[in-house]
Amino acid sequence: MLPVPMATTHANPTPLADAASYDAAEAICRRHAKSFHFASKFLSKPKRRHAFAVYAFCRSVDDAVDSVGADDAKREKLAEFDGILDEVYAGRMPSALRGEQRWALEAFGHTVQACGIERALFDDLLTGVRMDLEQTRFADWQALEKYCYHVAGVVGLMMCRVFGLADKTAEPNAIAMGNAMQLTNILRDVGEDWQRGRLYIPQDELERFGVMEKDIAAGRVTRPWTELMQYQIARAERFYREGASGIEKLPNDGPRRTAAVMAVVYGGILDKIEQNGFDVFSQRAALSLPEKIARVPMAKRLWSRRPFEPVPQMFKLVTRGMEP
């Protein structure tokens, strides 16, 4: 059981408040973001704790919206988070959350000040969550890419602040890495999202490959479905490579290693989808802890890359030859 943090202001936090609050944030991350928790071991303790705090806030937004049924109630929850951000960026401790989430929110308040994370980035995140309430289909890749930025690419920018990135030219790489991870989530969760009434794969690409929604509803792994998935995986790999090409610009006190491990571990889900015969309906693609550890040497080649050297192969399987 975590100790209840003492009352504090962000300007003068007590050691107990810091420790308990950041422990609460880590507990949320450990439960819900196993791959990131694994990769975070390479970060220094301060940066690791700040990363947990940012993740815990983002997760709290997702959980709050998922915990209520009607869309109007979800919009009200998002409005509450607008208010929470108002309070946090005014240097006050909101009372809207309780228990573990409230403790983690205290860590979040410390983190946004310590790392200089702009409020606009979290506003972009809330915009992405609202998009889920407004649409369940995406016409084309341009529409889906916009969504990916708002729910994941922007998180890459938040991590740039946590990691202490000084070179702003690497920010597009961070966005690309976030988009790659979100597209990986989308491909992994097609079956689960269908049950929630959502289908993220662009409608024009479903039509181009001849995949019908009734096939997805039935969980059929047809040849058109396989070809469509190969196309989407090739796109995700392109974004991983684009993101990875900026890793050498990160500080070399842990962020490079963490970003490289995240890239190869999360990218490994794509390999797992292919190993599963592109069946994302009856089984969930995931890497075990031994499989994650086995990919660390691959990550080492990535974080050891010198500037202007080509990005090493990040995936175990043969390139699919269907680059979008």
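The values are calculated or read from the model by the stated rules, or taken from the named source; none is laboratory data. Small disclaimer: the values here were computed from a predicted structure and weren't measured. Here the Cβ positions follow ideal geometry from the backbone for every residue, glycine too, while neighbour counts run over all protein chains shown. With ligands, DNA and RNA removed, areas are computed over all heavy atoms of the protein, side chains included. Shrake-Rupley method; radii C 1.70, N 1.55, O 1.52, S 1.80 Å.
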(request) Write out the GluC sites (Glu not before Pro) in region 64-170 meeting two conditions: DSSP loop, and at most 14 other Cβ atoms within 10 Å of their Cβ. (result) Glu118
(request) Mind pulling up the Rg/Rh value for region 174-324? Radius of gyration and Kirkwood radius, both on Cα. (result) 1.00
(request) Taking each pair of different alpha-carbon atoms in region 193-281 once, compute 1/r for the pair, average those values, and report the inverse of that mean as the Kirkwood hydrodynamic radius in Å to one decimal. (result) 14.9
(request) Read phi for every residue in region 272-286 and hand back ³J(HN,Hα) as whole Hz from Karplus 6.51 cos²θ - 1.76 cosθ + 1.60, θ = phi - 60°, with x for Gly and Pro. (result) 5, 4, 5, 4, 7, x, 6, 8, 9, 9, 9, 8, 9, 6, 8
(message) At 1.4 Å probe size, with the rest of the protein present, what percent of the exposed accessible area of the chain is carbon and sulfur atoms?
(response) 53
(request) For region 113-126, just list the computed ³J(HN,Hα) in residue order, Karplus coefficients 6.51, -1.76 and 1.60, θ = phi - 60°, integers in Hz, with x standing in for Gly and Pro. (result) 6, 5, 9, x, 7, 5, 4, 4, 5, 6, 4, 4, 4, 4
(message) If I take every Cα pair under 8 Å that is 6 or more residues apart in region 111-155, average their sequence separation and divide by the length, what percent do I get for the relative contact order?
(response) 50
(message) Considering only C-alpha atoms, what is the centroid distance from region 214-231 to region 43-73, in Å?
(response) 32
(message) Out of the trypsin sites (Lys or Arg not before Pro) in region 106-186, which ones are loop residues according to DSSP with at most 15 other C-beta atoms within 10 Å?
(response) Arg137
(request) Scale the Cα Rg of region 181-237 by the rule-of-thumb value 2.2 N^0.38 Å and send over the ratio, two decimals. (result) 1.03
(request) Could you tell me which label, among [x] 21.7; [y] 23.3; [z] 20.5, carries the value of Kirkwood radius over Cα pairs in Å calculated for this structure? (result) [z]
(message) As a test of the formula, what do you get for the chain when each DSSP H run with n ≥ 4 contributes -39,500 (n - 2.57) and the sum is divided by the residue count, at 222 nm and rounded to the nearest 500 deg cm²/dmol?
(response) -20500 deg cm²/dmol
(request) Please report the Cα spread of region 250-320 along all three principal axes, rounded to whole Å, starting with the longest. (result) 41, 25, 17
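How would region 81-183 be classified by its alpha-carbon gyration tensor: rounded, prolate or oblate, with rounded meaning a/c under 1.5 and the a/b versus b/c comparison settling the rest?
Judged from the Cα gyration tensor, region 81-183 comes out oblate (a/c at least 1.5, b/c at or above a/b).
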(message) List the pairs from Lys272/Lys292; Lys34/Lys272; Lys146/Lys214; Lys41/Lys292; Lys41/Lys168 whose alpha-carbon separation is above 20 Å, in the order I gave them.
(response) Lys146/Lys214; Lys41/Lys168
(request) Classify region 169-212 as rounded, prolate or oblate from the Cα gyration tensor: take a ≥ b ≥ c as the square roots of its eigenvalues, call it rounded if a/c is under 1.5, otherwise prolate when a/b beats b/c and oblate if not. (result) oblate
(request) Averaging sequence separations of C-alpha pairs under 8 Å and six or more residues apart, then dividing by the length of region 189-303, give the relative contact order as a whole percent. (result) 30
(request) Which order do the peptides 252-261, 191-200 take when ranked by the mean count of other beta-carbon atoms within 10 Å per residue, highest first? (result) 252-261, 191-200
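Pull out the extension gain between Asp82 and Leu133, defined as 0.36 nm times the separation in residues minus the alpha carbon to alpha carbon distance; nm, one decimal.
That works out to 16.7 nm of additional length.
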(request) Note down the relative contact order for the chain as a percent, whole number, built from C-alpha pairs under 8 angstrom at least six residues apart. (result) 17
(message) Whole-Hz ³J(HN,Hα) for each residue in region 239-251, computed from phi via Karplus 6.51 cos²θ - 1.76 cosθ + 1.60 with θ = phi - 60°, x for glycine and proline: what do you get?
(response) 5, 4, 5, 5, x, 5, 5, x, 4, 5, 8, 6, x
